[in-house]
Amino acid sequence: MLGDFGDRAGRVGLSTRPDFALVGLLRIPETQISPWVSLSRRIAFAIALLFTAALVVYFGRAGYRDNTGDELSFLDAFYYATVSLSTTGYGDITPASPEARLVNIVIITPLRILFLIVLVGTTIGVLTERSRQAFKIQRWRRSVRNHTVVVGYGTKGRTAIDAMLGDGVQAAEIVVVDTDTIALEAAANAGLVTVHGSATQSDVLRLASVQNAASVIVAANRDDTAVLVTLTARELNKKAKIVVAIREAENTHLLRQSGADSVVVSSETAGRLLGIATTTPTVVEMMEDLLTPEQGFAVAEREVEVSEIGGSPRHLSDIVLGVVRDGELIRVGEPEVDAIEAGDKLLYIRRAAK
């Protein structure tokens, strides 16, 4: 994840670049539609342009001259719009008055250009795609709030995103930051917003709008990279929940000091599960069940209902594991949670939706 000095220098000021200059670095996923639907929309748009031009000519028909000398009908106006927009121009109907000529300059000519763009859109697809991306980037940067930034789209990052999607988080609320173009392509195909760059640089994180994010998941391949990314993210956002995955437990305190709210030691967690599996494999099976939100059981958090205030969490119909009070987890069985208070949240086991 760490880029070289040249890459750092080349990306300075990313967040201050105009939107069109970010195409390729920041990618907003496209809505997948059928080619026939796309073609039908193009044809409908072209017909609408023809009718618009025909109406403009018809309402200003007094300023046009027909070589037969008759007043223009709507059919004549539609005929003129057709030959004008298609650049055929037989000359049998012409704008004679200054007003009609001005209308041709200001309205008919732009419609002609737009009509041709629609007809030959397949040949200029690259240019129109770039323009659409620039517009989407502009709109996204203005509206994105309370999203989740995932740094690293390797095995850990993909699994974390799958768990979030399984819990009902929308793909549009997730932004992936990585330096691997193949990984970013896979993320884009999954409908995720992607940012190409090293998350150790503040400008790249600003491009992912970390300053407006509700949470940040750091799934880097190296612990030192995770520390630097965490420091940078915490500097940009003092309130976001930052969750970090590392390989070595000895680096946990560094991540805590850097601003991480939660630290997951992937190697030790996997090691514990491996050890448990040798004697009680069903326990590992149940743990995997709890960590898979799409099926079986899942660990979830919910608000306390009014009717539950004052009662014991052990007497509820849900299997409650703990109570979150003032941001701190208190396990069931401790005297502090003998009575549920208003504002508490319950950590419980729920049956996953099929």
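The values are calculated or read from the model by the stated rules, or taken from the named source; none is laboratory data. These numbers come from a predicted model, not from an experiment. Reconstructed Cβ throughout: ideal geometry from the backbone, glycine too, with neighbour counts over all protein chains shown. Protein only, heavy atoms only, side chains kept; ligands, DNA and RNA dropped before computing areas. Shrake-Rupley method; radii C 1.70, N 1.55, O 1.52, S 1.80 Å.
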Can you pull the Rg over Rh of region 223-269, Cα-only, Kirkwood? 0.95
Leaving ligands, DNA and RNA out of it, rank 58, 80 by accessible area with a 1.4 Å probe, largest first. 58, 80
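Taking R0 as 25 Å, what's the FRET efficiency between residue 291 and residue 328 from their Cβ-Cβ distance, rounded to 0.05?
Using R0 = 25 Å, I get an efficiency of 0.65.
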Taking every eigenvalue of the Cα gyration tensor of region 176-303, multiplying by 5 and rooting it, what semi-axes result, largest first, whole Å? 28, 19, 15
Using +1 on the beta carbon of Lys and Arg, -1 on that of Asp and Glu, and nothing else charged, what's the dipole of the chain about the Cα centre, debye to 20? 1100
Using a cut-off of 13 Å between beta-carbons, work out the net charge of the residues near residue 103 (Lys and Arg +1, Asp and Glu -1, residue 103 not included). +2
With percent of Cα pairs over 29 Å apart defined as stated, name the option among [x] 59; [y] 37; [z] 51 computed from the structure displayed. [x]
Could I have the simple spin-label model distance between residue 349 and residue 235, label points 7 Å from Cα toward Cβ, reported in nm to one decimal? 4.5
Which residues qualify? For residue 218, with a placed amide H closer than 5 Å and at least 5 residues away or on another chain, they are 151, 243, 244, 245
Under DSSP H, which helices of the chain have Cα atoms covering 30 Å or more of the helix axis and a Kyte-Doolittle average no less than -1.0? 35-59
Which aspartates and glutamates, if any, have their Cα less than 14 Å from the Cα of residue 238, not counting same-chain residues under 8 positions apart? 261
Note down the nm distance, to one decimal, between modelled labels 7 Å out along Cα→Cβ at residue 221 and at residue 279. 3.7
Ordering of 242-250, 270-278, 194-202, 339-347 by packing [mean C-beta count within 10 Å, highest first]: 194-202, 242-250, 339-347, 270-278
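Which peptide among 63-76, 176-189 comes first, and what is the full order, when sorted by highest mean count of other Cβ atoms within 10 Å?
In decreasing order of mean packing, 63-76, 176-189 become 176-189, 63-76.
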Ignoring ligands, DNA and RNA, how do 287, 164 rank by accessible area with a 1.4 Å probe, largest first? 287, 164
Calculate log10 I(q)/I(0) of region 246-354 for q = 0.17, 0.23 Å⁻¹, where I(q) comes from the Debye formula with a single equal point scatterer on each Cα and nothing for solvent. -1.01, -1.15
Residue 171 to residue 317: FRET efficiency via 1/(1 + (r/R0)^6), r the Cβ-Cβ distance, R0 35 Å, to the nearest 0.05? 0.60
Estimated distance in nm for a label pair at residue 309 and residue 188, the labels positioned 7 Å out from Cα along Cα-to-Cβ: 5.1
Rounded to a whole %, the carbon-and-sulfur portion of the accessible area of the chain at a 1.4 Å probe is 58
